[in-house]
Amino acid sequence: QVQLVESGGGLVQAGGSLRLSCSASGSSFSIKRMGWYRQAPGKQRDFVAGFSSAGTTNYAESVKGRFTVSRDNAKNTVYLQMNSLKSEDTAVYYCNAGVHTGSYWGQGTQVTVSS
């Protein structure tokens, strides 16, 4: 079992920045990949950014150049630095950790960008 706890969401004006954190505990040694997804009201949950099992980073086109994913392996924590935020970035952001047999989700953290 892997437990994921996100933090760092909140309300920010358009053009502002936020940094999300996701801390993994439990069987964190089993994590192969880790990343962030988001879900806006009435929409599906979409990939935002993350680390592949090979350690490479991937980003959704809509956030490239604005968001940066990073990690601290010693702390089992992944971060999402979000700059130049837009109203369309408003969503619940979820951390996801992929293991051999499936994946785990955090509880989500709300990000609201006011225009």
- Message: Looking only at segment 29-51, count every residue that is over 23 Å from Asp89 (Cβ atoms) and either without any contact (Cβ under 8 Å) to a residue 60 or more places away in the chain or under 13 Å from the mean Cα position of the chain (by Cα) (or both) and tell me the total.
- Response: 1
- State which residue pairs qualify: first residue modelled with pLDDT of 95 or more and inside segment 92-115, second residue of a type in the set (D, E, K, R) in any location, beta carbons under 6 Å apart, and separation of 6 or more residues or different chains. Tyr93/Arg38; Cys95/Glu6; Gly106/Glu6; Thr109/Glu6; Val113/Asp89
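What's the total number of residues in segment 1-32 that are hydrophobic (A, V, I, L, M, F, W, C) and loosely packed, with under 15 Cβ neighbours inside 10 Å? Quick ask: steps written out before the conclusion?
Step one: list which residues in segment 1-32 are hydrophobic (A, V, I, L, M, F, W, C), which gives 2, 4-5, 11-12, 14, 18, 20, 22, 24, 29, 31.
Narrowing further to those that are loosely packed, with under 15 Cβ neighbours inside 10 Å: 5, 11, 14, 29.
Of the residues in that region, 4 qualify.
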- Note on the structure: Quick count over segment 52-70, residues being without any contact (Cβ under 8 Å) to a residue 24 or more places away in the chain and surrounded by fewer than 15 Cβ atoms within 10 Å (Cβ to Cβ), is 10
- How many of the residues in segment 102-115 are surrounded by 12 or more Cβ atoms within 10 Å (Cβ to Cβ) and closer than 20 Å to Gly55 by Cα? 3
- segment 72-101, residues that are farther than 23 Å from Val12 by Cα and open to solvent by 60 Å² or more (accessible area, probe 1.4 Å): Asn73, Ala74, Lys75, Asn76, His100, Thr101
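The values are calculated or read from the model by the stated rules, or taken from the named source; none is laboratory data. Since this is a predicted model, take the numbers as computed values, not measurements. Here the Cβ is made from the backbone with ideal geometry for all residues, glycine too, and neighbour counts use every protein chain on show. Please note that ligands, DNA and RNA were not included when accessible areas were found on the heavy atoms of the full protein model with its side chains. Shrake-Rupley method; radii C 1.70, N 1.55, O 1.52, S 1.80 Å.
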